[in-house]
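For reference, the structure is listed below as structure tokens.
The values are calculated or read from the model by the stated rules, or taken from the named source; none is laboratory data. In this text the structure is predicted, and so the values were computed from the model without any measurement. Glycine also receives a Cβ, built like all others from the backbone with ideal geometry; neighbour counts cover every protein chain displayed. We work out accessible area using only protein heavy atoms, side chains counted, and drop any ligands, DNA or RNA first. Shrake-Rupley method; radii C 1.70, N 1.55, O 1.52, S 1.80 Å.
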Amino acid sequence: MAVIRQLVPWALAQCVKLLLLLAAVSVASFGLMELSPIDPVQAYIGADMMRVSAEQREAIAAYWGLDQPPIEQFGRWLTSLLQGDMGTSMIYRTPVTEVLAEKFTASMWLMGTAWLLSGLLGFGAGVLAAMKEGSWLDRVIQWVCYTLASTPSFWLAIMLLLAFSVWLGWLPVGLGTPAGVLREEVSIADRLHHMILPVLTLSVVGISAIALHTREKLIEVLHSDYVLYARAQGERGLLLVWRHGLRNIALPAVSLQFASFSELFGGAVLAEQVFAYPGLGQATVEAGLRGDVPLLLGIVLFSTVFVFCGNMTADMLYRILDPRTREVKA
Amino acid sequence: MALLEVNDLSISFEQSAGWLRQRYIPVLHQLQLTVDAGEVVAVLGASGAGKSLLAHAILGILPSHARITGEMTYRGERLTPQRQAALRGMDIALVPQSVAYLDPLMPVGEQVRHAVKQGNKRERQRESFRLYRLGEEVERRYPFQLSGGMARRVLVAAATASGARLIIADEPTPGLDPDVMREALGRFRELADVGCGVLLISHDIASALTVADRIAVMYAGTVVEIARAADFAGDGTALRHPYTRALWQALPQNGFVPLPGEPPQLGERPHACAFASRCSAATDACLHEQPPVRELRRGLVRCVHAS
């Protein structure tokens, strides 16, 4: 009960924060798009530019409302947003909500798998390194982590592509499904097959942070007074780490993983681009390069909520699970 | 046969001194000590004298870069690292200094149950909680929810519940108000009275004397005197070592005479009595020879002038 009483005002404060953040983010994104040299009409028409007359171009601009002053455009977008309408994507010619739903589903599998994989592998590697602090295993794990942390993810993606798709030919070069196959005929195995490399790239991005953090934290715990006392009571080895180590490092590690949603999203943009994987990341790049303001604003708002939820979950886990931040009736 | 016997125990820490070279920093030097069943032996000394290291050495939980020489026996059996690992928590229990030694994320009842090595864990934990007037609701509390006195009782309760025969209490009293302190020390007396041996590490002579049978005084990494509690009386003439006498006379009720100077760095002058620089009775002999341990009036002393 006490937990809930304490959480309600906090949750309200978080909502206000989110609203302010969304307002700031959408104004900033719209402003940037306005300043960008990309002409949406030109980007839409592309190579056919020569064959489209000035009148026709103006007609397209008027159809999209691009002939009105920016403030009015933004105002119109905001009014319909408040009525639940996110507008229509210029490049996909479908409502932004539909594009978001479709792209996010594809990305969710990618990001979710990578998130879990990097979390589990990173945590495991960190625990192992800390338990064997100073050994060759610890050094190898640290070395690998630092190398991964300083590897650009797009470069890694290209290397993986070269190795597994071009030279070995084991995995597809790109796309989310096999080319030339009808949507109904694509099997789950096909989808998984296409996901392997993007997931691998995206996981690697997240591993080193969680592994190094877990290692630091566990070493700190293993050197603590309470572990010394536990050792004085005859506890040792795995049982000791299980009882006192994991208990004390699990919460910060899980929180860190939730707080890493922004890196995950950033990584997905690059990985999806390299693998031409039709997810939210690729849609972001498309929307930006082709001046699709409604779609870009939709993605920006959506990803803001996504990252915000990750951070809020991290924070909430502490409030609910850590007895020290829970209100106590002593 | 003594419960615990420590003979010539020396400890040094390995430290890297530049490229591929190591040097050893001595921290304990040829220390002697015995604890019998049924007695409380207090180890007294200023901070930095090596008291906690002695406790950790007996338990075998020193950091891995410690080098240990000398001999320790428990009930006549040599304390090898394997033997220590088997006895830790079973026969030898540590009562640590403060609540910081409890896992912050585990309810204290569970922690005490982990300490129980024989019999029904829950029963033994409840029994020892009752013994120390800790209500059942305390079981579910986390360390940060305990008062200082309560935490101290939980730590003693853990040692009692473990069924250990040798209890090593490392500074169990600082920061406690006099009543709680008297109670905490009384617990150790009770444990000794039912047959345990208690090694009570402290820097507070006055409180240690209320429960201890014998006092071992440490100075700069070694035991300079082992005296009976009764020797601490009057102006301290029954005491054997000048440092012990100085400690005794520095108490407010015994004249409040301060001892000038600082203890030396260990290993600074390996061939001199460590106390020589602060000793009013020091002679040439004290500067050239480390005084050997000798028995004197049913105690031990490490001073050539003691008689």
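Taking the residues in segment B:99-116 that are within 8 Å of chain A (Cβ to nearest Cβ) and under 18 Å from A:His223 (Cα atoms) as candidates, determine which candidate is nearest to the chain's Cα centre (by Cα). Only one residue tops the list, namely B:Tyr101. For segment A:78-134, the set of residues classified as under 30 Å from A:Pro40 (Cβ atoms), touching a helix residue (DSSP H, G or I) at 6+ places or on another chain (Cβ under 8 Å) and small (Gly, Ala, Ser) consists of A:Gly87, A:Ser89, A:Ala106, A:Ser107, listed by residue number. Determine whether segment B:211-224 contains at least one residue that is assigned to a loop (DSSP other than H, G, I, E, B), under 18 Å from the mean Cα position of the chain (by Cα) and not aliphatic (A, V, I, L, M). Checked segment B:211-224: at least one residue is assigned to a loop (DSSP other than H, G, I, E, B), under 18 Å from the mean Cα position of the chain (by Cα) and not aliphatic (A, V, I, L, M). If you go through segment A:240-283 and keep only what is among the charged types (D, E, K, R) and within 14 Å of chain B (Cβ to nearest Cβ), you end up with A:Arg243, A:Arg247. Taken together, B:Thr244, B:Thr210 contain a single residue that is out of contact with any Pro (no Cβ under 8 Å at 6 or more places or on another chain), hydroxyl-bearing (Ser, Thr, Tyr), more than 24 Å from B:Leu53 (Cβ to Cβ) and at pLDDT 90 or above, which is B:Thr210. On the basis of being loosely packed, with under 13 Cβ neighbours inside 10 Å and either modelled with pLDDT of 75 or more or among the polar types (S, T, N, Q) (or both), does A:Leu21 make the cut? Judged against the criteria, A:Leu21 is not a match.
Selection within segment A:221-239: residues that are more than 9 Å from chain B (Cβ to nearest Cβ) and open to solvent by less than 50 Å² (accessible area, probe 1.4 Å). The member of this set that is nearest to B:Pro63 (Cα to Cα) is A:Leu222. Looking only at segment A:89-107, decide whether some residue is in contact with a Lys or Arg (Cβ under 8 Å, 6 or more places away or on another chain) and part of a helix (DSSP H, G or I). No - not one qualifying residue is present in segment A:89-107.
Look at segment A:65-88: where a residue is free of Cβ contacts under 8 Å to residues at least 12 places away in the same chain, no partner that is in a helix (DSSP H, G or I) and open to solvent by 60 Å² or more (accessible area, probe 1.4 Å) sits 6+ places away or on another chain with Cβ atoms under 6 Å.
A quick yes/no check of all residues on (1) over 18 Å from the mean Cα position of the chain (by Cα); (2) part of a helix (DSSP H, G or I); (3) more than 14 Å from chain A (Cβ to nearest Cβ); (4) surrounded by fewer than 19 Cβ atoms within 10 Å (Cβ to Cβ):
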position: B:Arg133; (1), (2), (3), (4): yes, no, yes, yes
position: B:Glu137; (1), (2), (3), (4): yes, yes, no, yes
position: B:Arg153; (1), (2), (3), (4): yes, yes, yes, no
position: B:Val156; (1), (2), (3), (4): no, yes, no, no
position: B:Ala161; (1), (2), (3), (4): yes, yes, no, no
position: B:Gly175; (1), (2), (3), (4): no, no, yes, yes
position: B:Gly186; (1), (2), (3), (4): no, yes, yes, yes
position: B:Glu190; (1), (2), (3), (4): no, yes, yes, yes
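Only one of the numbered conditions (1) farther than 30 Å from B:Pro292 by Cα; (2) surrounded by fewer than 20 Cβ atoms within 10 Å (Cβ to Cβ); (3) at pLDDT below 90 is not met by B:Val194, and that is (3).
Among the residues making up segment B:225-240, those that are hydrophobic (A, V, I, L, M, F, W, C), assigned to a loop (DSSP other than H, G, I, E, B) and either in contact with a Ser or Thr (Cβ under 7 Å, 6 or more places away or on another chain) or free of Cβ contacts under 8 Å to residues at least 24 places away in the same chain (or both) are B:Ala233, B:Leu239. If you check A:Gly291 against the conditions, is it at pLDDT below 85 and open to solvent by less than 50 Å² (accessible area, probe 1.4 Å)? So A:Gly291 passes the test.
Looking only at residues of segment B:53-73 that are more than 14 Å from chain A (Cβ to nearest Cβ) and of a type in the set (Ser, Thr, Tyr), we find that the one that is farthest from B:Leu9 (Cα to Cα) is B:Thr73. Can you work out which of the residues in segment B:139-151 that are under 28 Å from the mean Cα position of the chain (by Cα) and in contact (Cβ under 8 Å) with a residue 12 or more places away in the chain is most open to solvent (accessible area, probe 1.4 Å)? Looking at residues that are under 28 Å from the mean Cα position of the chain (by Cα) and in contact (Cβ under 8 Å) with a residue 12 or more places away in the chain, I get B:Phe144. For B:Leu185, the conditions (1) free of Cβ contacts under 8 Å to residues at least 60 places away in the same chain; (2) closer than 18 Å to B:Gly299 by Cβ all hold with the exception of (2).
Please give the number of the condition A:Trp136 fails out of (1) open to solvent by less than 50 Å² (accessible area, probe 1.4 Å); (2) at pLDDT 85 or above. In the conditions (1) open to solvent by less than 50 Å² (accessible area, probe 1.4 Å); (2) at pLDDT 85 or above, A:Trp136 misses (1) alone.
Those helices (runs of 4 or more DSSP H) of segment A:240-310 in which 1 or more residues are charged (D, E, K, R) and free of Cβ contacts under 8 Å to residues at least 40 places away in the same chain occupy A:247-259.
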